[in-house]
Structure formats: C-alpha cells, structure tokens
1. Ignoring ligands, DNA and RNA, what accessible area per residue does the chain give at 1.4 Å, in Å²?
2. Taking the convex hull of the Cα atoms, report for the range 27-107 its projected area averaged over all directions, in nm².
3. For the range 68-120, taking Cα atoms only, what is the radius of gyration to one decimal and the Dmax to the nearest whole Å?
4. Hey, which of these cross-link pairs are over 28 Å Cα-Cα: K28/K84; K28/K61; K45/K84; K32/K127; K45/K123; K27/K84?
5. Tell me which residues come under 5 Å, amide H to amide H, from H137 once H is placed; ignore anything under 5 positions away on its chain.
6. Rule-of-thumb check for the chain: C-alpha Rg over 2.2 N^0.38 Å?
7. About the Cα centre, and with charges only on the beta carbon of Lys, Arg (+1) and Asp, Glu (-1), how big is the dipole of the range 12-149? Nearest 20 debye, please.
Amino acid sequence: ANPADYIYFYEIPEEISDEWSVKEETKKAYDKVGDTASLPGNVLKAAWIMFHLGYREEDFKAAGPDVYNFQGVGNPHLHANIQKGETVLDVGSGLGIDSMIACHATGPEGLVIGIDISERETKHALKRARERGLNAHFMVGDMENMADK
C-alpha cells in the first residue's frame, strides 16, 4: 500500500482547540523529532516512501546520508523544475531533506532557504547543511505569519 493512501482523522481536544495551542502542540511534537534526528533511522523505509511519492534515484542520492530523516507527504520536485543558480524557499522544511535535494538542483551558485515552526528541526537541518557544505540556510518561522518577518 502507498503511505499516502492513509488518512488519519482525529478530534482536536477542546483544551488545544484554539489556533495558538494547536501550533504550540505541533511545534513541541516536531521539536521532539528534532531532538532525535541525529539517530540513524530506517533508510529502506524512507526509500520505499520516497519511491512511491515519485522521487527519483538521483533525489535519493542527493538526500545522502540524511535520507532516513525524510518526513515528506508529497514530492515538490515533481513540479518545481529547479534550475542551477536559482533561489528556492522551502516552507515547512522540517529536517531539510527536500532542501538538500533542492541544493543539488541549484548547485553551489544557487541558494535554498528553509523555514519551519520547529526550532530543533531547523537547528538540525542547518547543522547538517553546513557539515555537507550545502548552500542552504534554515530559520524558524511560521508560514501563516510570514509578513511579520
């Protein structure tokens, strides 16, 4: 079965039903993911999910040793047609896997900027991009309030 075939419905508890509480709970959950991002994960599972979302072998290779941190629910690279030297904004960049793939497409003359609500995921993505010598920058930001930045 394709992982995208599953949809989970749940009721948001009343105590976190306002927008700010939902964002805070989401941030906390992804910060926990960021705390464990340096622990090796299941590369085969990541490859299987990426394959079923339409990622190419070239994309998988571009993700490199960080591929096990793939969290995507879709494949933006199918439609983006990123070219050498371009600047890319990855909104909801998480641990930076799609940003790393975009860096491969833009080359060293391009730039990839990732924003995410999770401080710890952003910190991990920035660290990995620097260690890998990628032209990427990551920052904490709320995609629904970009005008404030």
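1. Result: 64 Å² per residue.
2. Taking a quarter of the hull surface, the average projection is 5.3 nm².
3. Here Rg and the maximum Cα pair distance are 10.8, 29 Å.
4. Details: K28/K84 36 Å; K28/K61 30 Å; K45/K84 30 Å; K32/K127 17 Å; K45/K123 24 Å; K27/K84 33 Å.
Too far apart for the 28 Å limit: K28/K84; K28/K61; K45/K84; K27/K84.
5. Answer set, sorted by chain and number: V112, I113, G114.
6. 1.07
7. That gives the range 12-149 a dipole magnitude of about 720 debye.
The values are calculated or read from the model by the stated rules, or taken from the named source; none is laboratory data. The structure presented is a predicted model; accordingly, all values stated were derived computationally and were not measured. Quick reminder, even Gly has a Cβ in these numbers, built from the backbone with ideal geometry, and neighbours come from all protein chains shown. These area figures cover heavy atoms from the full protein model, side chains too; ligands, DNA and RNA do not enter into them. Shrake-Rupley method; radii C 1.70, N 1.55, O 1.52, S 1.80 Å.
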